[in-house]
Amino acid sequence: MALAEFTTSEPLTLGVELELQLVSTHDFDLAPQAEDLLRVLAKHSGAWDVKPEITRSMIEIGTSIQREHSGLVAELHDLRGQLSQAARKLNIGIAGGGTHAYQHWSDQQIFPTERFHYISELYGYLAKQFTVFGQHVHVGCEDGDTALWLLHALSRYVPHFIALSASSPFVQGVDTGFDSARLNSVFAFPLSGRAPFVTTWDDFGLYFDKMTSTGVVQSMKDFYWDIRPKPEFGTIELRVCDTPLDVDKAAALACYLQAICRYLREERPFEPSEDDYLVYTFNRFQACRFGLDGEIVDPQTKQREKLRDNIVRTLARVDEHALDLRSLDASNLIRDSLRHGNDAQWLRGLRASGEPLSSVVHSATERWMG
Amino acid sequence: MSLSSTFENWFAPSAATASWTLDRLRGIDPVLGFAIVMVVAVVLGEILRRRFRLPRLCGHMLTGALASPLALRLLERTDLDPVKPLIDLAIGVLVFELGSRIRPRWLIDNPWLALTCVLEGVLSGLAVYVGLLAFDAPSISAALAGAVAMSTSPVIVLALVHQMRPRGQVTERLLMMSAINSVLAVVALKAWGVLAASGGVGVEPVGLEPAITSALLVVSGSFLLGVAAGWVLTQLTKQVRGLTTAPVLQIALVIIAAMLAAQWRLSPLLALLVAGMVARSRMAHGLTVEPQLGTAGATLSVLLFICLGMLFTLDGFTTLWPWVLVIVVARLVGKGIAIAVLTRPSGLGWRQAGALTIALQPMSSLAVLLTADTFGWPSQLPGANGGVLQALLISTTLLQFIGPLLAERAVRDLAQECAPVPKTKAP
């Protein structure tokens, strides 16, 4: 299969996808009821989309194309309201969070579609272990070359999004010590990590052809990169975020990305290079493991600083762009979360106060459903 | 006969009694007999499970039926009366667990579901009543059959859930509906009792008012008792705070609540359901209800199903089969129609609606069993026609045995709510 043409889309437009947990209101373990929820939501009134994910305890929602923070927040609130109402009708809960705290991977059931069965056959138990929940943010680009330039320029900011969104400290009933343990599940996939350093769409087409000729990949969907181009949408897709515990945080993260993209496009503060990736996996690990308290190394200056400080500095640089994009509220929410800590810390705080993990998931459910 | 003399007789090498005869087995102490039957039940349950994929409780009930006067007559039904408190406890434990398992708020969140729950109980009762009348059954007895036919056995449902560990809409609704239709059956039976008593044998009742008052008293009294029991359990659990002692406390509270309910002529079933709900809502994640309240509860549960098997009866089936057929079919139709009508508004799929209708079929006499003094409860019912009563018991027998099988298939194969068994390859 040849690489699709890169569809032109309006620059800096946004689309947010959230993978959500469906939990039982009895024991707050995952509930395989995606089909039921999709059936009840079949006639929802929003422009947003809701669809199945790989296992039957997950759903994915996607917003329509948005330009500003206010529109994105309004739509996310609308979908949260309709989703919550449908879930209550079915006696299930919906929660954010990158992992479910104590689900057992082998209990999960693959959602009955051709692609999910193919993935299950190909990856075996990894597919069920992929019962993790992420936020994907699409940013519109006018052409493929711009998309690839932006994709590589954004690599320096990937740790920001990991640390800010981190909400997966617990896996299979234990505290992993990671703020985002979800990304460890993604690493297990052979085509995960960073995209190859290719900066033009033509060169990317050659790379794609080579990969398809090896039979390793069939489509862009087989790449599980942290940021990947989505030619049919005309976007790049940031995939490193855990699903936050509430929709306001999800909107704020998307708009923080939008402001950084505008800053990069308009000011071109640096040119991305292959050397940016020398520190990429180290920075990524620090963000996953220690969250906002992790360290980040600048690939150019080789300076090391706290990730929290690096985000504060970046927020100051992009504030002007956030103002123009009318997303200062989003920036302020990000600033607040630097003070109060990320969602992983919130979840750990509940556990530390003596609550059982089922109660922690219950609290997360109440927070998401409102 | 004492236990020691039983053993002496059992092992004494006597030429006259060396052979293993049924008469010899019949002569042993009922307690020893029960223990042997329990061993057979557990083994048979496992064999049926592995060979024929039947629910274990079918094996337990089958063992009871084989030991009963229906087949080998190893134990008499009157042998059950001394163990009735244990059986009541087994039922109570399961009902309390069911109460803690369901979330009443769901009925407010989904009023169509609440309507389905009431409608399926009422329609199945009405269908049985009208059906029996059409086949010339006496009105008062037909009403009794209708009242009993409303309920789905909560203990069979819960035992299946323990065994299969299903997760999904059908399972959740099955639990909720079995709780509600059992309560409806309790209320209907109470009302029926008053009506029948006021009308006398074979005479039409004189007025609805005393029946309604009596039913209301039972419901409100049982509700208050359940709330009190749940509240007391919450307070005491705060003092105890230990996973090992929590089930002991729960069992003790179940016994107290059930006995008080029986003594005050209330419904132990409703009281324990409410106690479970209140305890769950007040303690939330602090309440840990072990399935069947632990190993002791599991043992009681095996004993319970053996006893239910021992109560199986098919006497008079050859003459009563039209009424039996009416009860079974009308009940199925009543429940099916109610669920089908409200399938879409309540958020269910058609396949699931079919599965739920089938899964609701296990019928039981538990609604009355808990309040009766002995297992011979049918004889205590005033004015009931013997033929209709026997037809009701035969229907219960059939649906108690076949029902779990159907329910298991419906939940597993039709609704697909059980995690698939992982494929393993030999090394």
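The values are calculated or read from the model by the stated rules, or taken from the named source; none is laboratory data. Bear in mind that the values here come from a model prediction, so they are computed numbers and not experimental data. FYI the Cβ positions are ideal-geometry reconstructions off the backbone, even for glycines, and counts take in every protein chain you see. Just so you know, the surface numbers come from the protein's heavy atoms only, side chains and all, with ligands and any DNA or RNA stripped out. Shrake-Rupley method; radii C 1.70, N 1.55, O 1.52, S 1.80 Å.
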(request) Pop out a list of residues from segment B:324-367 that are at least 40 Å² less accessible with all the protein chains around than in their chain alone; 1.4 Å probe, no ligands or nucleic acids counted. (result) B:Gly347
(message) For Cα pairs less than 8 Å apart in space and 6+ apart in sequence, what is the mean separation divided by the residue count of chain A, i.e. the relative contact order in percent?
(response) 24
(request) Take B:His162, A:His152 and sort them by solvent-accessible surface of the protein heavy atoms, 1.4 Å probe, largest at the top. (result) B:His162, A:His152
(message) Could you tell me the center-to-center distance, by alpha carbons, between segment B:317-340 and segment A:260-332 in angstrom?
(response) 70
(request) Classify segment B:67-135 as rounded, prolate or oblate, taking a ≥ b ≥ c as the square roots of the eigenvalues of its Cα gyration tensor: rounded when a/c is under 1.5, otherwise prolate if a/b is larger than b/c and oblate if not. (result) oblate
(request) Could you tell me which of the pairs A:Lys89/A:Lys221; B:Lys190/B:Lys335; A:Lys249/A:Lys302; A:Lys221/A:Lys306 are separated by over 27 angstrom between their Cα atoms in the structure shown? (result) A:Lys89/A:Lys221; A:Lys249/A:Lys302; A:Lys221/A:Lys306
(request) Please tell me the relative contact order of segment A:219-308 in percent, rounded to the nearest whole number, where contacts are Cα pairs under 8 Å and at least six residues apart. (result) 13
(message) Let me check against my output: what whole-number percent is the relative contact order of segment B:16-148, with C-alpha pairs under 8 Å and at least 6 apart?
(response) 13
(request) Keeping all protein chains in position, work out how much accessible area B:Leu44 exposes to a 1.4 Å probe, and write it in Å² to the nearest 10. (result) 40
(message) Quick check for you: which residues of segment A:327-348 have the amide N under 18 Å from the point 7 Å beyond the Cα of A:Val312 toward its beta carbon?
(response) A:331-342
(message) Which one, A:Ile119, A:Phe130, A:Trp105, is farthest towards the positive end of the dipole of segment A:101-172 when Lys and Arg carry +1 and Asp and Glu -1 on their Cβ?
(response) A:Trp105
(request) Please give the length that would be gained between A:Glu121 and A:Glu232 if that part of the chain were fully extended, namely 0.36 nm times their separation in residues minus their C-alpha to C-alpha distance (nm, one decimal). (result) 37.3 nm
(message) Compute accessible area for segment B:160-178 by itself and then with all protein chains, 1.4 Å probe, and report residues whose area falls by 50 Å² or more.
(response) B:Arg167, B:Gln169
(request) Return one whole number: the accessible area per residue of segment B:100-194 in Å², for a 1.4 Å probe. (result) 29
(request) Please work out whether segment A:110-168 counts as rounded, prolate or oblate from its C-alpha gyration tensor, where a ≥ b ≥ c are the square roots of the eigenvalues and a/c under 1.5 means rounded, while otherwise a/b larger than b/c means prolate and anything else oblate? (result) oblate
(message) Ignoring ligands, DNA and RNA, please state the percent of accessible area on chain A from carbon and sulfur, probe 1.4 Å.
(response) 51
(message) Give me the residues in segment A:27-43 whose solvent-accessible area, probe 1.4 Å, is reduced by at least 30 Å² once all protein chains are included instead of the chain isolated.
(response) A:Pro32, A:Gln33, A:Asp36, A:Arg39
(request) Measure out, as a whole number of angstrom, how far apart the alpha-carbon centroids of segment A:341-370 and segment B:133-186 sit. (result) 38
(request) Add +1 for every Lys or Arg and -1 for every Asp or Glu among the other residues with Cβ under 12 Å from the Cβ of A:Val217, and state the total. (result) +1
(request) At 1.4 Å probe size, with every protein chain present, just tell me what the per residue accessible area of segment A:184-236 comes to in Å². (result) 44
(request) Could you tell me which of rounded, prolate or oblate describes chain A, using a ≥ b ≥ c as the square roots of the eigenvalues of the alpha-carbon gyration tensor, with rounded for a/c under 1.5 and, failing that, prolate when a/b is larger than b/c and oblate otherwise? (result) rounded
(message) Tell me the net charge near B:Ile47. Cut-off is 12 Å between Cβ atoms, B:Ile47 excluded, with +1 for each Lys or Arg and -1 for each Asp or Glu.
(response) +4
(message) I need the peptides B:54-63, B:250-259 ranked by packing, meaning the mean over residues of other C-beta atoms within 10 angstrom, with the highest value on top.
(response) B:54-63, B:250-259
(request) Rounded to the nearest 500, what is the 222 nm mean residue ellipticity of the protein assembly as shown from helices alone, with -39500 (n - 2.57) per DSSP H run of 4+ residues and division by all residues? (result) -19000 deg cm²/dmol
(request) Considering only A:Val139, A:Val240, A:Val158, give the residue with the highest GNM mean-square fluctuation for chain A, with springs between Cα atoms whenever their separation is below 10 Å. (result) A:Val158
(request) Would you give the gap between the C-alpha center of segment A:153-179 and the C-alpha center of segment A:43-118, rounded to a whole Å? (result) 20
(request) Considering only A:Leu338, A:Leu151, A:Leu22, give the residue with the highest GNM mean-square fluctuation for chain A, with springs between Cα atoms whenever their separation is below 10 Å. (result) A:Leu338
(request) Could you tell me what percent of the accessible area of segment B:219-339 is made up of carbon and sulfur, with a 1.4 Å probe and every protein chain present? (result) 72
(message) Tell me which trypsin sites (Lys or Arg not before Pro) from segment A:9-102 have a DSSP coil assignment and no more than 12 other beta carbons within 10 Å of their own.
(response) A:Lys43
(request) Leaving out ligands, DNA and RNA, calculate the buried accessible area for the pair B and A with a 1.4 Å probe, summed over both sides, in Å² to the nearest 100. (result) 1900
(request) Whenever you get a sec, compute what percent of the accessible area on segment B:113-165 sits on carbon and sulfur atoms (1.4 Å probe). (result) 72
